[in-house]
Structures are given as structure tokens and as C-alpha cells.
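Peer 1: Sharing a structure with you now.
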Amino acid sequence: MATLVPTSEEDAALSVVRFASELAWADAGPEVAEPQVNRLCMEAEEFIAMGKWLELASLMITSAELIFSKVTEKDVESIFTVICNLVTKTENPDEVMEIIKVISAKLIQQPNEKPAVRLKILINLYNLVETPYCRFYIYMKALNLAAEGKVTEYIIPSLKNIDNFLKDWKIGISEQRELFLTISKILKENKSMAKDSFKFLTNYLATFNGEDAHELSEAKEEAVHAIIDFVKSPDIFQCDLLDMPAVLQLEKDAKYAVLYQLLKIFLTQRLDAYLEYHTANSALEKNYGLVHEECVAKMRLMSLVDLSSDGSGQIPYELIRETLKINDDEVELWVVKAITAKLIDCKMDQMNQVVVVSHHTDRMFGQHQWQALRTKLVTWRDNISNVINTIQANKVTEDGSQAVQGLVVR
């Protein structure tokens, strides 16, 4: 077997061409193989001499792909390191992009063959380029390869840096939509990451703002998925879907209006409204894979949150029992469940049979919630200002008293 012993970048490229072509033509016999290998090496030399890096990349990647299954993973990485390094040879950004397309196209053709190695090569290619859009393009290919090759565990850790990536890439709305939706689908395959999947799906839907009906229709099915995911989730109790244009379009949709109604119930109403809805739409819920008992459990928690938001700070046990439609001995159990889910901070006053709420989580954070937050901040600012003024006034009084005392002593 041929061995790669490069002494310069040009030699490395030729070594890869020779190494790969010899293996690719090995079964044809020396009489057939040798002329073909020599021809490919001569072409490579010509491309190097003329600075035709795109043509060289195409030549090298074709031979390299043919031997992917015939060499060790270490050899594959070495070969593609040389090929990927061609992006640094040209200063023409268009040529860099074309080289990237050639390399990535070959790598994703057979995602199930050494997928982890293919993914690693794409990541190395990503780190070799500096153009923001090129990086975004490679990252998208890496996401799709990871999903199809079932090696998402290697790409998921990078998702925590998406906000920083977006700042660097400076991509447009359509690219953001592609990114968010792809990530959401990848994470949805991992049940432990359902919250993160929902977050990216929400980010996708949030990019549709003020578009015409035709463009909004592009997001219709994903809006439906988002509603179902929210209702199904046992640990997602807050979202801003209701007023998003991509979701709001469902309110008047002949097919999905009833689904939008369900979302509205979960975000703005209580258990009794859901039970009434279920009576009329039990078949529809079943078609969407919704389990009635699970919906009731979630709506009980949502209803308890709604009771906490009335401003009084106290909820009688009896009101909880009536609203959640539970027995007397279950009231404290459901309060504990709400505390565990971090929906409310409270104390249970068993003597007076009331729950004293110090904080609650809003089911949605829209204009009303922003206004309430603004009011609280203004009040807090005014209170702080009053405290400061009082302290300063007391200080002036104290200083004056001390001055008077000094005069008396003299």
C-alpha cells in the first residue's frame, strides 16, 4: 500500500492523488492502473502549477471518496486534511465557496459510512475558513450529516454557541429559519432535549413577522407542531406562541382553528374551559396524540398559576379545590407539584387554609406582562429614590444639629 510522505503542500496534494488513485485502480491490474495513476498525477501537477485549486479539489475528492471504505479512519482524516487545506490556497472567496461545495457534497453523499469521521472532516473544514457565510454553509452540512448519520451527539454540544455563531455569520432571515428548524428537528429525536427543541422551533416561528399570507403559510405546519409539542410537554408551562403571526394565522384557518383554540385555553384559561373543549373535540385530540389525562394534569398546574396571578397573594384551599376539581386532601399535593415545577413560590397556611404566594411564573410574556414589569420597575425606582432622599435629608438635619451643638459648647 502507498504511504503518504509529504514534504510540502504541493507534494502533499500529489501524494494524496497518487495514494488514492493507486488504491482506486488496484483491482484493475498494473497494466491498466499505472497509466491511469500517472494521468491523474499529471493533471494534479498541472492544476498546482496553474493555481487551479477548484479543479485540483475536484480531482482529489473523486479519488478520495472511492477509497473511503478501504483505508483506516486515520488515513481518511489525513487525506481530507490535505484536500480541505486547499481552501487556504486561494484568495478568491467565490472559489473558496466552490471548493467547500465540492468537498461537502462528497462527504454527505454516504452519511452512514464512517459518519463520525465525515463530521470531523467538516468541522476541520469549518475551522479553516474565515468567510462568515462559508462557515454557516459548512455548519448546516454538518448538522444534516450528523442527523442522517445518527451521530448528533458530536454536534449537539456546539448548539450552546449558536447565539455567538449568529453574530459571526450575519445570515439573513431565510438562513436563520433553515438553521432553527434543522436544529429543532435534530433535538426532537432526543427526548431529553424536548425543551431545547421547542425553543428552536419557537425561534423559527418568531422569524415570521408581518409577512403576507403566502409566506406565513410556509410556517403553518410547524406552527401546528409547536402547539402540539407545547400541550404535550409535561414541563413546558410558558411560551409566547399565541400572538406570533405564524401561529395567529391558525385562528382563522378552517382546519387548524380548533387547535389554536386549544393553545389559547392552555395559556389564558382554566381547567373548566379545557374540559368543555375536550367534550367537543376528544377525537381531534386523539388524532394529534394528546392524552386527556395528561392534558388535565397540565391544565391543573396552569390553572393554579392563573389563580396565583390575581394580585391578592392568597389563594383559599377551597378555591383551589373547586378550580382544579380535586378532593380536599389533594390540594396541598398539587401545590407541591406547582412548587416542584417552579411555577410558584409560596407557603401553605394550613391553619387558615390558604396558600400565600410570593411569586408566580406567567404562562405567557406578552405586552401585558411587559407593562406590569415596567410598572414594578418604576415603583422600585421611585421607592429607592425616596429612600435616598430620606437618608440625605436626615444627614443634613444631623449635620445641622451637630453644628448648633458646637456653637453652644463654645
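The values are calculated or read from the model by the stated rules, or taken from the named source; none is laboratory data. Values in this document were obtained by computation on a predicted structure and should not be read as measured data. Heads up, the Cβs are rebuilt from the backbone with ideal geometry, glycines too, and the neighbour counts pull from every protein chain shown. Keep in mind that these areas ignore ligands, DNA and RNA; they rest on the heavy atoms of the full protein, side chains included. Shrake-Rupley method; radii C 1.70, N 1.55, O 1.52, S 1.80 Å.
Peer 1: With every protein chain left in place and a probe of 1.4 Å, what is the accessible surface of residue 279, to the nearest 10 Å²?
Peer 2: For residue 279, solvent-accessible area is about 110 Å².
Peer 1: Moving to a separate point now. Given a Förster distance of 45 Å, report the FRET efficiency between residue 314 and residue 88 from their Cβ-Cβ distance, rounded to the nearest 0.05. Please report the intermediate quantities before stating the final value.
Peer 2: Working: r = 68 Å, r/R0 = 1.51.
The calculated FRET efficiency here is 0.10.
Peer 1: Alpha carbon centre of the stretch 41-119 versus the stretch 272-334: separation in Å?
Peer 2: Computed from Cα coordinates, the inter-centre distance equals 59 Å.
Peer 1: How would you rank 231-241, 188-198, 96-106, highest first, on the average number of other Cβ atoms within 10 Å across their residues? Kindly include the intermediate steps, with their values, before the conclusion.
Peer 2: Working: 231-241: 17.2, 188-198: 14.9, 96-106: 20.4.
Put in order of decreasing packing, that is 96-106, 231-241, 188-198.
Peer 1: Sticking with this structure for a sec: Give the Rg/Rh ratio for the chain, taking Rg as the radius of gyration of the Cα atoms and Rh as the Kirkwood radius, to two decimals. Show your work: numbers first, answer last.
Peer 2: Details: Rg = 32.2 Å, Rh = 26.9 Å.
For the chain, the value is 1.20.
Peer 1: Using only alpha carbon pairs under 8 Å that are at least six residues apart, calculate the relative contact order of the stretch 9-108 and give it in whole percent.
Peer 2: 32
Peer 1: Taking amide H positions as placed 1.01 Å from N in the peptide plane, with prolines and chain starts having none, which residues 5 or more places from residue 314, or on another chain, fall under 5 Å of its amide H?
Peer 2: 357
Peer 1: Keeping every protein chain present and rolling a 1.4 Å probe, give me the accessible area per residue for the chain in Å².
Peer 2: Details: 22720 Å² over 410 residues.
Result: 55 Å² per residue.
Peer 1: How high is the relative contact order of the stretch 292-347, given as a whole-number percent (alpha carbon pairs under 8 Å, six or more residues apart)? It would help to have the intermediate numbers written out before the result.
Peer 2: On the way: 32 pairs, mean separation 19.5, N = 56.
Relative contact order, the stretch 292-347: 35 percent.
Peer 1: Now, a different point. Report in % the part of the accessible area of the stretch 9-108 that belongs to carbon and sulfur, leaving out ligands and nucleic acids; probe 1.4 Å.
Peer 2: On the way: 2470 of 4770 Å².
Answer for the stretch 9-108: carbon and sulfur cover 52 percent of the accessible area.
Peer 1: Please work out how much accessible surface residue 137 shows to a 1.4 Å probe, ignoring ligands, DNA and RNA, in Å² rounded to 10.
Peer 2: 50
Peer 1: Pop the C-beta distance of residue 350 and residue 272 into the FRET formula with R0 = 30 Å and round what comes out to the nearest 0.05.
Peer 2: Working: r = 26 Å, r/R0 = 0.88.
In this case the efficiency is close to 0.70.
Peer 1: Using a ≥ b ≥ c from the Cα gyration tensor of the stretch 9-108 (square roots of the eigenvalues), is it rounded, prolate or oblate, where a/c under 1.5 gives rounded and otherwise the larger of a/b and b/c decides, a/b for prolate? Provide the component values of the computation, followed by the final result.
Peer 2: Numbers: a/c = 2.11, a/b = 1.41, b/c = 1.50.
Verdict is oblate for the stretch 9-108.
Peer 1: What number, in percent, do you get for the relative contact order of the chain if the mean sequence gap of Cα pairs under 8 Å and at least 6 apart is divided by its residue count?
Peer 2: Details: 423 pairs, mean separation 31.3, N = 410.
This gives 8 percent for the chain.
Peer 1: For the stretch 190-259, which whole percent of the accessible surface, found with a 1.4 angstrom probe, sits on carbon and sulfur atoms?
Peer 2: Whole-percent figure for carbon plus sulfur exposure: 50.
Peer 1: Something else about it: Sorted by mean Cβ packing within 10 Å, highest first, what order do the peptides 155-164, 64-73 take?
Peer 2: Numbers: 155-164: 12.9, 64-73: 15.7.
Most protected by this proxy first, the peptides run 64-73, 155-164.
Peer 1: With r defined as the distance between the Cβ atoms of residue 339 and residue 221 and R0 fixed at 45 Å, what FRET efficiency is calculated, to the nearest 0.05? Walk me through the intermediate numbers first.
Peer 2: Working: r = 37 Å, r/R0 = 0.81.
Plugging the Cβ-Cβ distance into 1/(1 + (r/R0)^6) gives 0.75.
Peer 1: Hey, another quick one. Quick check: the angle from helix 220-232's long axis to the longest principal axis of the chain, C-alpha only, nearest 10 degrees?
Peer 2: The answer is roughly 60 degrees.
Peer 1: Which one, 353, 176, 110, has the greatest fluctuation when you compute a Gaussian network model over the chain with C-alpha springs under 10 angstrom?
Peer 2: Result for the chain, Cα springs under 10 Å: 353 fluctuates most.
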